[in-house]
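Heads up, the thing below is written out as structure tokens.
The values are calculated or read from the model by the stated rules, or taken from the named source; none is laboratory data. Keep in mind that this is a model prediction, so the values were computed, not measured. Using ideal geometry, Cβ is built from the backbone for each residue, glycine included, and neighbour counts are taken over all protein chains shown. Just so you know, the surface numbers come from the protein's heavy atoms only, side chains and all, with ligands and any DNA or RNA stripped out. Shrake-Rupley method; radii C 1.70, N 1.55, O 1.52, S 1.80 Å.
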Amino acid sequence: MQPIRTFNVSPSLPPRLEPLRRLAYNLQWDWNVEAKDLFRRLDPDLWESSHHNPVLLLGNISQARLQEAAEDEGLLAQMDRAARQLEEYLHERTWYDKNRGQGSGVRGQETKESTPSPLSECYAYFSAEFGLVDCLPIYSGGLGVLAGDHLKSASDQGLPLVGVGLLYQQGYFAQYLNADGWQQERYPINDFYNMPLHLERNPDGSELRIAVDYPGRTVYARVWRVQVGTVPLYMLDTNIEPNNSYDQNITDQLYGGDIDMRIHQEIMLGIGGVRMLKALGLNVTAYHMNEGHSAFLALERIRMLMQEERLDFATAKQVVAASNLFTTHTPVPAGIDLFPPDKVLYYLGRYADIFGLSRDQLLGLGRENTGDLTAPFSMAVLALKMATFTNGVAQLHGMVSREMFQSLWRNLPKEEVPITAITNGVHARSCVAKSTQELYDRYLGPNWSSAPAENPLWERMNAIPDEELWRNHERCRLDMIVYVRDHLVKHLRDRGASPLEITEAQEVLDPFALTIGFARRFATYKRATLWMRDLERIKRILGNRNRKVQFVIAGKAHPKDIPGKELIREINHFIRDQGYEKQIVFVPNYDIHVARLLVAGCDVWLNTPRRPREASGTSGMKAAMNGLLNLSVLDGWWDEADYVRTGWAIGNGEIYNDPTYQDEVEANALYDLIEQEVMPVFYERDADGLPRRWIDKMKDAIRLNCPFFNTARMVRDYALRGYFPASDRFFTLTANDYAPAKELAQWKANLVEHWFNIKIEDIDISEPAEIQVNRTIAVKARVNLATLTPDDVQIELYQGSVDATGEIVHGIPVVMDFQGEDQQGRSIYTANITYTHSGLQGLSLRVLPKHPYLSSSYEPRLVLWATDPNTVRVHTLDSQSSGDDVTSSAIAQHPVAL
């Protein structure tokens with residue numbers, strides 16, 4: 001039955017409790033212990049059953065209880081403290097204020113409770129998912145939780161940032177297991193009106209809506225806002241009239257549906273997101289694509305600049321790329337969104353007409369090889385081509401990404417491919433257990449959650465008494481076990497399990513046993529069953545009654561990932577068949593709340609990905625912040641952590657060609673570490689019953705990992721290396737009616753037209769082939785720049801060791817100085833170099849573009865080497881040679897003696 005009218009009914013609060021409403025609608029309560037305890041205090045049972053949703057709690061709590069609370073002086077004092085803390089937080093002077101200057105207009109905008117005023121500077125962070133709190137289930141895993149932590153730390157640091165996403169009616173699925181241990185999915189409907197969400201409205205009170213064109217129709221979306229401290233997250237919702245039923249489902253499920261639904265969602269996120277920001281009146285100066293899902297935003301930005309600012313395609317593309325950032329999280333090509341060419345043309349072919357491009361030229365924006373007319377359209381390639389700052393999410397992942405996308409910069413050595421790395425972090429106040437936060441506050445001070453590694457407060461780590469740290473951790477383990485028991489009982493009752501199974505679930509896990517946690521997405525490369533590879537070996541470990549070991553396991557497989565689901569069933573069969581129900585527990589429906597309990601309550605955090613396929617792996621960072629020790633393959637973040645003092649490394653970072661052999665070797669290494677290192681150190685107790693060596697490692701885990709693997713550091717890195725430069729480029733290129741952008745676009749066109757006429761004609765090297773370390777070598781080059789000028793190029797020597805294939809490796813560029821022209825009009829460049837290491841060393845020379853408005857010399861994707869097929873005369877004191885057609889090969893090789 002359809003209603004003839006709808007009403008949005010909000011909670012009725014006594015006037016004295018009105019601050020609760022303001023607290024409930026700002027997610028700062030999630031990392032403010034005082035505020036979170038306040039809502040729990042109002043009604044503990046309702047707080048748990050509402051999935052820690054303060055808006056739903058206030059809407060369902062009895063009026064009698066509210067009236068009672070309004071007369072409770074202790075509760076009122078706590079509420080006033082929490083409200084005061086929120087106000088102070090919203091208006092405090094921040095890192096951004098100190099490092100970028102005031103006047104952005106973002107800090108404190110939350111107080112307006114409406115669309116903020118236009119900002120002088122604003123960074124828009126696009127992501128397909130955001131994991132903020134467990135009462136907003138619009139995330140699937142690490143990517144979303146990272147995005148949520150990014151917003152939280154952006155708020156903490158005071159960045160003028162807004163989030164852009166989709167608000168899913170069903171979100172990601174809720175997991176349950178059938179009697180056979182097979183994952184099943186439920187899709188609870190999200191009730192937006194009982195969540196901490198604001199519906200954005202126009203000045204006349206009507207819903208703010210945007211329109212996005214799809215083939216043959218227009219799809220409308222309204223805008224919701226969730227306030228994350230000072231950072232607003234704006235999300236689009238298509239489940240409205242007059243959209244048809246298919247279009248209403250665009251924002252139905254995260255990562256659901258077929259390829260057509262996927263492209264619908266990514267059009268709405270990218271194109272709709274840009275239109276939404278305009279409708280909100282935001283002057284965005286930097287656009288950050290968190291993965292490639294939102295890359296269509298580049299097309300829409302170009303269209304708007306062409307149609308609204310009357311720019312040509314090249315100029316508009318220049319402005320867009322200069323102010324776009326792209327973060328890739330994918331270490332394998334199979335993880336990238338690829339769309340068939342016909343799909344892209346069907347949905348987005350009109351952009352080719354607007355841009356004045358052919359269909360193949362439009363498709364070429366998303367192809368590594370633009371000449372391959374059958375290649376699919378890659379969202380990652382589109383993002384890479386439309387951004388001037390790109391990063392991976394760990395140092396190892398940056399290396400993997402440079403290798404994976406090297407073809408986009410064909411003449412650059414792999415290590416110079418302009419994909420950098422900003423290692424992920426986690427939001428400390430969100431993931432560290434309450435009691436542990438209070439412990440750190442007592443001994444380290446309140447700034448530990450964002451203090452950098454060089455802050456002297458970390459020297460106070462040893463001031464925490466061993467017994468106090470250990471007893472706190474034991475309480476966290478007990479809290480986890482109590483929750484797991486209750487959670488299992490509820491799950492079994494819902495499944496219709498027998499009374500015996502329910503009784504046994506109330507006794508799972510030993511509060512004093514060594515507890516190993518494994519919780520993550522059940523993708524096959526994560527090898528969730530590696531610890532079960534040798535059944536006799538693991539049974540021997542589990543059978544040790546003097547040194548008891550137990551496992552807590554959780555995680556979801558994508559609904560279509562049958563191999564991932566098989567791993568979940570295999571674990572549950574092993575538990576049941578071997579009678580380990582009390583010693584190994586699979587916790588269903590892994591979410592943010594379950595994760596926080598596990599990363600605080602386990603003793604060891606296990607991670608067994610197949611290197612190098614783990615881009616980052618942030619759950620291990622959360623565990624370390626709580627004092628857990630990591631036991632992991634050297635992949636992702638763990639590869640750059642101090643894995644000796646803060647845990648154990650499985651293997652030494654090897655990469656195997658035979659995965660079966662790799663599994664055998666690393667499973668045996670895992671068993672050896674558990675038996676010979678982990679168990680002895682955990683169970684070695686002194687006269688006070690304390691595992692002193694274990695506690696020492698716990699303190700190192702906190703002291704060494706907390707300050708670096710932290711989104712406070714991460715967001716500051718993004719600001720300094722990404723947002724500030726991108727925003728500056730935007731202001732520079734758009735000044736004076738886009739005159740700099742027009743100049744740069746025209747310069748690039750001229751550069752491309754004449755680049756291949758450049759000839760490196762003559763290179764003089766002052767020294768013979770046999771030299772000694774630190775001997776100065778003078779080099780002079782004559783370059784025919786054709787119609788280009790010395791201001792258009794940068795000439796560099798490229799020196800380094802020569803490997804067995806004749807390639808320079810780990811090369812170092814040395815900029816040459818322009819000395820004028822010779823009588824033939826050739827440009828003369830000179831430089832001096834030295835070699836600081838002995839062995840076979842090499843030297844080459846290259847030409848790169850140069851312009852003051854370029855983000856880097858690599859931006860035009862042009863480089864000319866002396867070893868390219870043009871005539872180069874190389875003169876040394878004892879030889880004369882010509883180059884080979886090999887990128888970065890040496891034009892001169894020097895055996896360097898000590």
(message) In 10 Å bins starting at zero, report the fraction of Cα pairs in segment 385-504 per bin as a rounded %.
(response) 11, 22, 17, 20, 21, 9, 1
(request) Using per-residue counts of other Cβ atoms within 10 Å, averaged over each peptide, order 20-29, 413-422, 378-387 from highest down. (result) 378-387, 20-29, 413-422
(request) Keeping the other protein chains in place, figure out the carbon and sulfur percent of the accessible area of the chain, with a 1.4 Å probe. (result) 49
(request) Report, to the nearest 10°, how far helix 73-91 tilts away from the longest principal axis of the Cα atoms in the chain, using its own Cα long axis and a range of 0 to 90°. (result) 10
(message) If each DSSP helix of 4+ residues adds -39,500 (n - 2.57) and the sum is divided by the residues in the chain, what number results at 222 nm, nearest 500 deg cm²/dmol?
(response) -11000 deg cm²/dmol
(request) Measure out, as a whole number of angstrom, how far apart the alpha-carbon centroids of segment 745-817 and segment 606-669 sit. (result) 41
(message) Please compute the volume of the convex hull spanned by the alpha-carbon atoms of the chain and report it per residue in Å³.
(response) 194
(request) Taking the Cβ of N705 as the centre, find all other residues whose Cβ is under 12 Å away and add up their charges (Lys, Arg: +1; Asp, Glu: -1). (result) +3
(request) Could you calculate the contour length gain from D97 to N283, that is, 0.36 nm times the residue separation minus the distance between their Cα atoms, to one decimal place in nm? (result) 65.1 nm
(message) Explain nothing, just the number: dipole magnitude of segment 527-568 about its Cα centre with +1 on each Lys and Arg Cβ and -1 on each Asp and Glu Cβ, in debye rounded to the nearest 20.
(response) 220
(request) Run through every distinct alpha carbon pair of segment 675-769 and return the Kirkwood hydrodynamic radius in angstroms, one decimal place. (result) 20.5
(request) Compare the peptides 665-675, 47-57, 296-306, 71-81 by average per-residue count of other Cβ atoms within 10 angstrom and give them in order, highest first. (result) 296-306, 47-57, 665-675, 71-81
(request) Round to the nearest 0.05 the FRET efficiency obtained for K780 and K560 when R0 = 51 Å and r is the Cβ-Cβ distance. (result) 0.25
(request) With everything on Cα atoms, drop me the angle between helix 692-705 and the longest principal axis of the chain, reported from 0 to 90° to the nearest 10. (result) 50
(message) I want the antiparallel fraction of DSSP beta bridges within the chain, as a percent rounded to 5.
(response) 55
(request) Give me the distance between the Cα centres of segment 26-65 and segment 434-462, rounded to whole Å. (result) 28
(request) Pick out, from A421, T436, A451, the residue whose Cα sits farthest towards the positive end of the charge dipole of segment 419-462, with +1 on the Cβ of Lys and Arg and -1 on the Cβ of Asp and Glu. (result) T436
(request) Give, rounded to the nearest 20 debye, the magnitude of the charge dipole that the chain has about its Cα centre when Lys and Arg contribute +1 at Cβ and Asp and Glu contribute -1 at Cβ. (result) 1060
(request) Take every Cα pair under 8 Å in the chain that's 6+ residues apart, average their separations, divide by the length, and report that relative contact order as a whole percent. (result) 10
(request) Place the peptides 142-149, 343-350 in order of packing, highest mean first, counting for every residue the other Cβ atoms within 10 Å and averaging per peptide. (result) 142-149, 343-350
(message) Less than 18 Å from a label point 7 Å out along the Cα-to-Cβ axis of R16: which backbone N atoms in segment 44-77 qualify, by residue?
(response) 62-77
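Equivalent-ellipsoid semi-axes (√(5λ), Cα gyration tensor) for segment 587-632, whole Å, largest first?
Ellipsoid semi-axes (Å, largest first): 18, 13, 9.
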(message) What's the magnitude of the charge dipole for segment 275-323 around its Cα centre, counting Lys and Arg as +1 and Asp and Glu as -1 at the beta-carbon? Answer in Debye, nearest 20.
(response) 80
(request) Answer with one residue from Q227, A174, N194: the one whose Cα lies farthest towards the positive end of the charge dipole of segment 173-230, charges on Cβ with Lys, Arg +1 and Asp, Glu -1. (result) Q227
(request) Check each of the trypsin sites (Lys or Arg not before Pro) in segment 720-804 and keep only those in coil by DSSP with at most 14 other C-beta atoms within 10 angstrom; list them in order. (result) R775
(message) Show me the chymotrypsin sites (Phe, Trp or Tyr not before Pro) within segment 494-564 that DSSP assigns to loop and that have at most 16 other Cβ atoms within 10 Å of their Cβ.
(response) F512
(request) Take every Cα-Cα distance within segment 689-830, group them into 5 Å bins from 0 onward, and report for each bin the whole-number percent of pairs it holds. (result) 2, 7, 9, 10, 10, 11, 11, 11, 9, 7, 5, 3, 3, 2, 1, 0, 0, 0
(message) Can you report the principal axis dimensions of segment 222-294 using only the alpha carbons, biggest first, rounded to whole angstrom?
(response) 34, 27, 21
(request) Relative to the longest principal axis of the C-alpha atoms of the chain, give the angle of the C-alpha long axis of helix 466-495, reported between 0 and 90° and rounded to the nearest 10°. (result) 70
(request) Subtracting the Cα-Cα distance from 0.36 nm times the residue separation, let me have the gained length for E308 to F731 in nm, one decimal. (result) 150.5 nm
(message) List the pairs from K36/K556; K526/K565; K98/K152; K317/K850 whose alpha-carbon separation is above 24 Å, in the order I gave them.
(response) K36/K556
(request) Using θ = phi - 60° and the Karplus relation 6.51 cos²θ - 1.76 cosθ + 1.60, list the HN-Hα couplings for segment 341-352 in order, rounded to whole Hz, with x at every Gly or Pro. (result) x, 5, 5, 4, 5, 5, 8, 10, x, 4, 5, 4
(request) Quick one: which residues, 5 or more positions from I650 or on another chain, have an amide H under 5 Å from its amide H? H modelled 1.01 Å from N in the peptide plane, none for Pro or chain starts. (result) S632, V633, L634
(request) Please work out the average accessible area per residue across the chain, using the 1.4 Å probe convention, and give it in Å². (result) 39
